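One structure is given here, and the rest of the page talks about it.
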Amino acid sequence: MISRLALRNGSILSAAVLRTATPCVAAAPKLLFHTSQQQLMPKKLPEYGGQLRLGLVPEEWFKFFEKKTGVTGPYVFGGGLIMYLLNKEIYIMGPETVHAFVALTLLVYGIKKFGPGIAAWSDKKIQAQLDQANTDKAETMSVLSNAVEEEKKEQWRLEGRHYLFDARKENVAMQMEIEYQERLNKVNEEVKKRLDYQVELDNMHKRLEQSHMVRWIEQNVVKSITPQQEKDILNKCISNLKTMSVA
Amino acid sequence: MAARRVGQKAIDWAAFAERVPPNQKSQFNALKSKADALTSRLMSMPEQPKAIDWAHYKKAVPVAGLVDKFQKQFDEVKVPYPLDTASAKIEQQSKEMDTMSADFKKGSEQRIGQYEKEILKFKTMIPFEEMTVEEQEEYFPQMEERKKKYPWWPHYPVWE
């Protein structure tokens, strides 16, 4: 049946021949039975079988007869052939024939009954496999394109490394600047402190001298007062008070 | 000096942050906070140290000639600018990084080429619906290896 299909389609056989016979087609045309158009390789495989008549006989046979004998010819030929075989006892009817009939009937019944279910089940299986394969393919492709994206992004990031080095150089420059400023300030402060010290020293001298003078004068004054003087002053004070009290 | 204070280059931190890989974010943040701290410290410093009011001190300090001596010495003092030891190292690191990144870029381009070849292979592949077993083996040579390892169908260890 497969070979018949191949002959019918022609293309598969020729494709197979093309694949095995590497010399070009034009150089050996007589080798090929079927000189169909050259087929490029992604060629769909036949999905359905050939047409049948009476569930058994290929359509092509009828077509072959129809050209010579008309529509009824093949039937007449088939019936006549069977009659001839039976009549001349080339085919002998025996118990095996009955057995064969029964077996065939059962077989056909079984195929008609369970065939579609099994076909649907296997179609489902095939579809699941195909879906799996397609999703795997899509996933792989997305993973690959993601990887390309990532690589490009990583390159782009690497381009930005000058930012890092600029920042670090800037940091160093800033640190040096800060250090320099601090040193300047320190010098200034130290000088100022010494000057302030001098000023403070002077101030303190003045203060001490002043307080010493005050104390010295006070002591001398106190020392210069005699007991007689003190008595006089006291008496004077008392008399003053008396006059004040009278008044 | 004022020109120096601002720095040779203003760093575009936003653009920098965009380019930092996520696994180095913490290092980036540390660097940024350090730089920010330095900047704020620098900004808080006066542009020029406070000048000493020499005239005031000349009046205030009684010791004759002392202030003049101080001023002379102060003017003579040259404050040294700090020695730069880090810049050379950074420069060297940057050079190293340049070569490293060139290497990486070469490798990366190679990898991209490989990936794109595979993508192209998948794109130009015959749809699975129309593929024969031989074609599948052609497209996926790993099946061939599996067949060598497990010669019996279905060519993978079912018992595991």
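Could you please give the count of residues in segment B:54-87 that are within 50 Å of the chain's Cα centre (by Cα) and of a type in the set (A, V, I, L, M, F, W, C)?
Residues of segment B:54-87 that are within 50 Å of the chain's Cα centre (by Cα), as a first pass: B:54, B:70-87.
With of a type in the set (A, V, I, L, M, F, W, C) added as a condition, the list becomes B:54, B:70, B:74, B:77, B:79, B:83, B:86.
Counting residues in segment B:54-87 that are within 50 Å of the chain's Cα centre (by Cα) and of a type in the set (A, V, I, L, M, F, W, C) gives 7.
Just to be sure before I move on: is A:Met141 at the interface with another protein chain (Cβ under 8 Å from one of its Cβ atoms), surrounded by 14 or more Cβ atoms within 10 Å (Cβ to Cβ) and touching a Pro at 6+ places or on another chain (Cβ under 6 Å) in the structure I sent? Write out each step before concluding.
Working: at the interface with another protein chain (Cβ under 8 Å from one of its Cβ atoms): yes; surrounded by 14 or more Cβ atoms within 10 Å (Cβ to Cβ): yes; touching a Pro at 6+ places or on another chain (Cβ under 6 Å): no.
In short, no.
Which number in (1) exposed (fewer than 12 other Cβ atoms within 10 Å of the Cβ); (2) under 28 Å from A:Lys169 (Cα atoms); (3) facing chain A (nearest Cβ under 8 Å); (4) of a type outside the set (A, V, I, L, M) marks the one condition that B:Phe104 misses?
That leaves (1) as the condition not met.
Looking only at segment B:43-56, count every residue that is in a loop (DSSP other than H, G, I, E, B), over 13 Å from A:Met174 (Cα atoms) and either of a type in the set (A, V, I, L, M, F, W, C) or within 7 Å of chain A (Cβ to nearest Cβ) (or both) and tell me the total.
Step one: filter segment B:43-56 for residues in a loop (DSSP other than H, G, I, E, B), giving B:45-53.
The next check asks that each one be over 13 Å from A:Met174 (Cα atoms); those that pass are B:46-53.
Then drop every residue that is not either of a type in the set (A, V, I, L, M, F, W, C) or within 7 Å of chain A (Cβ to nearest Cβ) (or both), which leaves B:49-52.
Qualifying residue count, segment B:43-56: 4.
Mind checking whether some residue in segment B:23-42 is more than 21 Å from A:Asp196 (Cβ to Cβ), out of contact with any Gly (no Cβ under 7 Å at 6 or more places or on another chain), among the hydroxyl-bearing types (Ser, Thr, Tyr) and within 9 Å of chain A (Cβ to nearest Cβ)? It would help to see each step written out before you state the result.
Of all residues in segment B:23-42, those more than 21 Å from A:Asp196 (Cβ to Cβ) come to B:23-42.
Then drop every residue that is not out of contact with any Gly (no Cβ under 7 Å at 6 or more places or on another chain), which leaves B:23-42.
Now restrict to residues that are among the hydroxyl-bearing types (Ser, Thr, Tyr): B:26, B:33, B:39-40.
Subsequent filtering for residues that are within 9 Å of chain A (Cβ to nearest Cβ) retains B:39.
Yes: segment B:23-42 contains one or more residues that are more than 21 Å from A:Asp196 (Cβ to Cβ), out of contact with any Gly (no Cβ under 7 Å at 6 or more places or on another chain), among the hydroxyl-bearing types (Ser, Thr, Tyr) and within 9 Å of chain A (Cβ to nearest Cβ).
If you go through segment B:107-149, how many residues are polar (S, T, N, Q), at pLDDT 85 or above and not in a loop (DSSP other than H, G, I, E, B)? Steps first, answer last, please.
Initially, segment B:107-149 is screened for residues polar (S, T, N, Q), giving B:108, B:110, B:114, B:124, B:132, B:136, B:142.
Those still in the list that are at pLDDT 85 or above too: B:108, B:110, B:114, B:124.
Narrowing the set further to residues that are not in a loop (DSSP other than H, G, I, E, B) leaves B:108, B:110, B:114.
Total meeting the criteria: 3.
Does A:Asn171 fit the bill of being farther than 30 Å from B:Lys106 by Cβ, surrounded by 13 or more Cβ atoms within 10 Å (Cβ to Cβ) and either within 45 Å of the chain's Cα centre (by Cα) or basic (Lys, Arg) (or both)? Quick ask: steps written out before the conclusion?
On the way: farther than 30 Å from B:Lys106 by Cβ: yes; surrounded by 13 or more Cβ atoms within 10 Å (Cβ to Cβ): yes; either within 45 Å of the chain's Cα centre (by Cα) or basic (Lys, Arg) (or both): yes.
It is true that A:Asn171 is farther than 30 Å from B:Lys106 by Cβ, surrounded by 13 or more Cβ atoms within 10 Å (Cβ to Cβ) and either within 45 Å of the chain's Cα centre (by Cα) or basic (Lys, Arg) (or both).
Hey, could you check segment B:68-106 for residues that are in a loop (DSSP other than H, G, I, E, B) and not acidic (Asp, Glu) and say which is farthest from B:Ile52 (Cα to Cα)?
Of all residues in segment B:68-106, those in a loop (DSSP other than H, G, I, E, B) come to B:77-85.
The next check asks that each one be not acidic (Asp, Glu); those that pass are B:77-83, B:85.
Details: B:Val77: 14, B:Lys78: 16, B:Val79: 16, B:Pro80: 20, B:Tyr81: 21, B:Pro82: 24, B:Leu83: 27, B:Thr85: 33 Å.
Of everything passing the filter in segment B:68-106, B:Thr85 is farthest from B:Ile52 (Cα to Cα).
Is segment A:158-180 home to any residue that is facing chain B (nearest Cβ under 9 Å) and under 30 Å from B:Leu66 (Cβ atoms)? Quick ask: steps written out before the conclusion?
Taking segment A:158-180 and keeping what is facing chain B (nearest Cβ under 9 Å), we get A:158-180.
Still in the running and under 30 Å from B:Leu66 (Cβ atoms): A:180.
Yes, the conditions are met somewhere in segment A:158-180.
Check off (1) modelled with pLDDT under 85; (2) crowded, with 18+ Cβ neighbours inside 10 Å for A:Glu151 and give me the number that stays unchecked.
Of everything listed in (1) modelled with pLDDT under 85; (2) crowded, with 18+ Cβ neighbours inside 10 Å, A:Glu151 misses just condition (1).
Could you give every pair whose Cβ atoms fall below 6 Å, whose first residue belongs to segment A:119-135 and is within 12 Å of chain B (Cβ to nearest Cβ) and under 18 Å from A:Glu47 (Cα atoms), and whose second residue is of a type in the set (Phe, Trp, Tyr) and surrounded by 11 or more Cβ atoms within 10 Å (Cβ to Cβ), counting only separations of at least 6 or pairs across chains?
Filtered contacts from segment A:119-135: A:Leu130/B:Phe128.
Based on what the data block shows, is B:Thr99 of a type outside the set (A, V, I, L, M, F, W, C), loosely packed, with under 13 Cβ neighbours inside 10 Å and over 16 Å from A:Asn171 (Cβ atoms)?
Working: of a type outside the set (A, V, I, L, M, F, W, C): yes; loosely packed, with under 13 Cβ neighbours inside 10 Å: yes; over 16 Å from A:Asn171 (Cβ atoms): yes.
Considered against the rule, which asks whether it is of a type outside the set (A, V, I, L, M, F, W, C), loosely packed, with under 13 Cβ neighbours inside 10 Å and over 16 Å from A:Asn171 (Cβ atoms), B:Thr99 comes out as yes.
The values are calculated or read from the model by the stated rules, or taken from the named source; none is laboratory data. Bear in mind that the values here come from a model prediction, so they are computed numbers and not experimental data. Cβ coordinates were reconstructed from backbone atoms using ideal geometry, including for glycine residues, and neighbour counts include every protein chain displayed.
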